[in-house]
Each structure stands twice: as C-alpha cells, then as structure tokens.
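Asks: Mind having a look at this structure? Questions to follow.
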Amino acid sequence: MRFLILADIHANLEALEAVLERARGQFDQVICCGDLVGYGPDPNRVTEAVRQLDPAVAVRGNHDKAAVGLTDLSWFNPPARSAALWTQAQLSEENRSYLLGMLRGPVEGEGFTVAHGSLLDEDQYLLNLEDALQSLSLAPHRLTFFGHTHVQGGFAWFKEQRAGRLDPGLRKGAAESRLALDSENRYLINPGSVGQPRDDDPRAAFAVYDRGKALVSYFRVEYPVGRVQQKMRRAGLPGYLADRLSRGW
Ligand code: ZN
C-alpha cells in the first residue's frame, strides 16, 4: 500500500494539480494532514479536489476551522484573518459542511498516526527538537505524519537513543529524496506544504509513504506561482500572502 501524504494545501489549486500530476500512478490512498483552505484563491475547487481524492485518513487544520467559524480569529495575524474571512464568504454549503465534519487530530490509521500540529495539540507548531521529542514519546505508532509548520522533513528518535531532524535536502533543487524507515526508530514525518511552503523553496511539497517497502519519499514540484499570485491579487487577498509564494517563505 502506498499513501500520498498531503498537508497545507491552502486553497492553492495550481500547486495541488502539479502535485497530483507528479504523483500519478505512485499511490493507492491519500492521507491529509489538514489546512485545505486559507490564504489561497481557490478554496472551493481545492476542497472539491480533496473530497474527490477521498482520503483514507484526514484531519482538519487551524485554517479549516477558521474557514467554518470554529476559531476565534483574533488569534490570527491580520493577513491570515482577512484571508479567513474572505474564505468564509467564498465557501459553498457542501464544502463548508465537509470542512466542518473534518476530524480533530491526532487520528490513527493502520500502523501510523496523522496530526495537523502535534500529538498533544492540533494547533501546536513542531519546530524544535524539544517539542518534537514530547510528541515522539506520546505517539502510539512509530510513524506519525503531521503538517502545520510548512517545513518539509520532520524529526526522528533513533535507536541509538538520540533525536534528530530529518532534512530531505531538496533546497538546492533536487526533486526527490528517499528516507528508508528503520523499524526500531520513531518518526514524525512532515511532507511539507503543497500550497504555501515556508522552507525557502517555493516548489510545492509532498511525500509518498510506501508501507511495503518501508520507504518515505519526499518530493518538490514546480507549479505556475505567478498564475496563483495573479488570482490572489484579483480576489483582493493580502499582497503579502501572494508575494511570499515566490520566496517559499
Ligand atoms: Zn497551514
């Protein structure tokens, strides 16, 4: 069984289409780590695309909650808040109820766990080793997929009794990197963000988990960033959100 791991799509249809094109034929099921919408210009089409993919396991993200009124928006920074309000106004009734019905993470799949933020809190950012260690020690399975930070890679607790970051090393332009899973290690895998990368690489990010081969492959793929930026500007979304897509930060 091979799983396509998607996180933080953020209503970026062009990025999602590029990912699905690149991943075609390489997966059997989809895992979604949340944040289908928020920031980007295509909340309906992206939500419809994910509904069509019919993920085997999916959790909601903080922006999915915000888009359906489950969040106090005063916690959001001004561009995120204004994008959330814009998204609320755009969503069709069907897509709104799909987002409303998404599960709070963590959720367990067969032999793995899926979270948006962390094992402790769906809204926690796992950016440092200390926080990652806490989640690694709580994880019911050796393998957890998460998102929220928009940084591709993740963390591991190695059998030599040390923790470390996982860096796929794709920033210099390579498009694929493989991680062979050791059954004695514990992993927190972040596939990276499809629609708004924040790891200095503007290319859309995703991962494929091949359970039979015990292998996680990280990918980056180019997509027409300019087209998305143009849509965002036309929609009146904050310019800062459009600009950051070309920086990958
Ligand atoms: Zn996000």
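Derivation of every value follows stated rules applied to the coordinates shown; laboratory data play no part. Just so you know, these numbers come straight off a predicted model, no measurement behind them. Glycine also receives a Cβ, built like all others from the backbone with ideal geometry; neighbour counts cover every protein chain displayed.
Asks: It is to be established whether one or more residues within segment 134-146 are under 19 Å from GLY195 (Cβ atoms) and either among the polar types (S, T, N, Q) or within 16 Å of the ligand (Cβ to nearest atom) (or both). Don't jump to the end; show me each part of the working.
Replies: Taking segment 134-146 first, the residues under 19 Å from GLY195 (Cβ atoms) are 145-146.
This time we only want the ones that are either among the polar types (S, T, N, Q) or within 16 Å of the ligand (Cβ to nearest atom) (or both), so: 145-146.
Within segment 134-146, one or more residues are under 19 Å from GLY195 (Cβ atoms) and either among the polar types (S, T, N, Q) or within 16 Å of the ligand (Cβ to nearest atom) (or both).
Asks: Residues that are closer than 27 Å to ARG2 by Cβ and β-branched (Val, Ile, Thr): list the strands (runs of 3 or more DSSP E) wholly contained in segment 170-249 that include at least 2 such residues. Spell out how you get there, then give the answer.
Replies: On the way: elements: 176-180, 186-190, 204-210, 215-221.
Of the strands (runs of 3 or more DSSP E) lying wholly inside segment 170-249, those with at least 2 residues that are closer than 27 Å to ARG2 by Cβ and β-branched (Val, Ile, Thr) span 215-221.
Asks: Let me ask you something else. Please go through segment 1-35 and give me each residue that is within 12 Å of the ligand (Cβ to nearest atom), polar (S, T, N, Q) and closer than 16 Å to GLN52 by Cβ, ordered by number.
Replies: Selection gives nothing.
Asks: Which of the following residues is over 22 Å from ALA58 (Cα atoms) and buried (at least 19 other Cβ atoms within 10 Å of the Cβ): LEU188, LEU170?
Replies: Values: LEU188 fails: over 22 Å from ALA58 (Cα atoms).
From the options LEU188, LEU170, the qualifying one is LEU170.
Asks: Given the conditions (1) within 16 Å of the ligand (Cβ to nearest atom); (2) of a type in the set (A, V, I, L, M, F, W, C); (3) surrounded by fewer than 20 Cβ atoms within 10 Å (Cβ to Cβ), report the number of the one that PHE206 does not fulfil.
Replies: Single failed check for PHE206: (3).
Asks: Please give the number of the condition GLU160 fails out of (1) more than 16 Å from the ligand (Cβ to nearest atom); (2) not in a loop (DSSP other than H, G, I, E, B).
Replies: (2)
Asks: Tell me which residues, restricted to segment 74-117, are within 15 Å of the ligand (Cβ to nearest atom), part of a helix (DSSP H, G or I) and not basic (Lys, Arg). Before the answer, list the steps.
Replies: Kept after step one, since they are within 15 Å of the ligand (Cβ to nearest atom), are these residues of segment 74-117: 75-77, 79-81, 83-84, 87, 99, 102, 105, 114-117.
With the extra rule that they be part of a helix (DSSP H, G or I), the set shrinks to 75, 79-81, 83-84, 87, 99.
TRP75, PRO79, ALA80, ALA83, ALA84, THR87, LEU99, listed by residue number.
Asks: Taking segment 118-138 as the region of interest, how many residues are touching a strand residue (DSSP E or B) at 6+ places or on another chain (Cβ under 6 Å) and assigned to a loop (DSSP other than H, G, I, E, B)?
Replies: Adding up the residues that qualify gives 0.
Asks: While we're looking at this one, here's another question. Quickly run through segment 36-73 and pick out the residues that are small (Gly, Ala, Ser), part of a loop (DSSP other than H, G, I, E, B), within 11 Å of the ligand (Cβ to nearest atom) and closer than 23 Å to ASP121 by Cβ. Please lay out each step first, then the result.
Replies: Applying the first criterion (small (Gly, Ala, Ser)) to segment 36-73 yields 38, 40, 49, 56, 58, 61, 66-67, 69.
The next check asks that each one be part of a loop (DSSP other than H, G, I, E, B); those that pass are 38, 40, 56, 61, 69.
Checking the rest, the ones that are also within 11 Å of the ligand (Cβ to nearest atom) come to 38, 40, 61.
Within segment 36-73, GLY38, GLY61 qualify.
Asks: Considering only residues of segment 49-69 that are surrounded by fewer than 16 Cβ atoms within 10 Å (Cβ to Cβ) and farther than 18 Å from ALA115 by Cα, which is farthest from the chain's Cα centre (by Cα)?
Replies: GLY69
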